[in-house]
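Below you'll find the structure, written out as structure tokens, and then a few comments.
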Amino acid sequence: MIIVKEKKSVPHADVRCGNCGSLLQYGNADLLEDYRSNYAALYSAGHCYYFDCPVCGCKVNANWIIKKGKEV
């Protein structure tokens, strides 16, 4: 069981859907990894992340969010 001892705000970013033009806000928990359509990119440029637009349902490419001031 996970116990939350101190709750912090979740980092988020904005991205615009390339299909319908909606401005969307997402967090890392919303991201899915794309293995099939960008198989070669996984080995050349790292992971490819996306989520489905809640307005039109199309795939929206998005970046993993790294909190400012933190190194991975």
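Looking across the range 1-39 at every residue that is surrounded by 10 or more Cβ atoms within 10 Å (Cβ to Cβ) and among the acidic types (Asp, Glu), the one that is modelled with the highest pLDDT is identified as Asp30. For the range 40-72, the candidate set comprises residues that are over 11 Å from the mean Cα position of the chain (by Cα) and closer than 13 Å to Ala13 by Cα; within that set, the residue that is modelled with the highest pLDDT is Lys67. Cβ separations smaller than 8 Å between residues 6+ apart or across chains give the following pairs from the range 18-43 residues that are more than 19 Å from Pro54 (Cβ to Cβ) and of a type in the set (A, V, I, L, M) to residues that are loosely packed, with under 13 Cβ neighbours inside 10 Å and modelled with pLDDT of 70 or more: Leu42/Tyr35.
The values are calculated or read from the model by the stated rules, or taken from the named source; none is laboratory data. Remember, predicted model here, so these are calculated numbers, not experimental data. Using ideal geometry, Cβ is built from the backbone for each residue, glycine included, and neighbour counts are taken over all protein chains shown.
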